[in-house]
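First comes the structure, then the notes that go with it.
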Amino acid sequence: MPFIPLAMALANFAPGIIKLLTGSDKAEDVAAHVVGIAQTVTGTADGDAALAALKADPAKVLEFQQTMSAQQADMEKAYLDDVANARAMQVAALGQEDLFSKRFVYYFATAWSLFSMAFFSAVTFFPPEGFGQRIADTILGVLVSTIITGIFHYLYGSTRGSQAKSELLARAGEKA
């Protein structure tokens, strides 16, 4: 029995389920956009009627799939434009005469890296007692999963595919 369609149907009664399934707060917005596209393609007024129209007409299904493919291509282009803007900002910074501004990203990355290594060492060789251990674990998780990862992604680049893989791994870790 396929559980995903059933869980998505149950999301009508508890929309928070969508976030659990997708790992995203924006999932409901995306779902509403998808339903809107289905309504436009089928010329219906609500999602249930759009679903019924798609089930009844294979030509409408093809049109819906083509429209969704175009939307997905637009989202990918927006993502790549965003990454290109970040890279263009760094190129502009490197072209400046002011050495601090030119090297700020590297200073920033170095400072966070040194802080992270110091924190890793401190909690490894001088572990905190009691509740402090939980706080240290939380800080370690943030350092490793966001700050250090973000620095590496910024300095060495990342692709949409690796971002999707990272999101899937994060969700798998949350379920474990």
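Filter the stretch 58-78 down to the residues that are in contact (Cβ under 8 Å) with a residue 12 or more places away in the chain and among the acidic types (Asp, Glu) and list them by number. Correct list: Glu63, Glu76. Say whether the condition of being of a type in the set (Lys, Arg), in a helix (DSSP H, G or I), over 29 Å from Asp74 (Cα atoms) and modelled with pLDDT of 85 or more is met by at least one residue in the stretch 134-147. Yes, some residue in the stretch 134-147 is of a type in the set (Lys, Arg), in a helix (DSSP H, G or I), over 29 Å from Asp74 (Cα atoms) and modelled with pLDDT of 85 or more. The residues listed here are Phe104, Phe100; of these, the one that is modelled with pLDDT of 75 or more, assigned by TED's automatic domain parsing to the domain that holds Ile151 and loosely packed, with under 13 Cβ neighbours inside 10 Å is Phe100.
I'm trying to understand the selection: among the residues of the stretch 122-142, which are among the polar types (S, T, N, Q), closer than 24 Å to Phe152 by Cα and within 30 Å of the chain's Cα centre (by Cα)? It would help to see each step written out before you state the result.
Residues of the stretch 122-142 that are among the polar types (S, T, N, Q), as a first pass: 124, 133, 138.
Within this subset, residues satisfying the condition of being closer than 24 Å to Phe152 by Cα are 124, 138.
The answer is Thr138, and nothing else.
Exactly one residue among Ala84, Ala88, Ala73, Ala92 is modelled with pLDDT under 85, under 18 Å from the mean Cα position of the chain (by Cα) and either more than 30 Å from Ala32 (Cα to Cα) or not assigned by TED's automatic domain parsing to the domain that holds Ala38 (or both), and that residue is Ala84.
Close Cβ contacts (under 8 Å, 6 or more residues apart or on different chains) running from residues in the stretch 81-96 that are more than 18 Å from Phe152 (Cα to Cα) to residues that are exposed (fewer than 10 other Cβ atoms within 10 Å of the Cβ) and at pLDDT below 75 are absent.
I'd like to know if the stretch 108-125 contains one or more residues that are part of a loop (DSSP other than H, G, I, E, B) and surrounded by 12 or more Cβ atoms within 10 Å (Cβ to Cβ). Scanning the stretch 108-125 turns up no residue that is part of a loop (DSSP other than H, G, I, E, B) and surrounded by 12 or more Cβ atoms within 10 Å (Cβ to Cβ).
The values are calculated or read from the model by the stated rules, or taken from the named source; none is laboratory data. The model shown is predicted, which means the values in this text are computed figures rather than measured ones. As a convention, Cβ positions derive from the backbone with ideal geometry for all residues, glycine included, and neighbour counts pool all protein chains shown.
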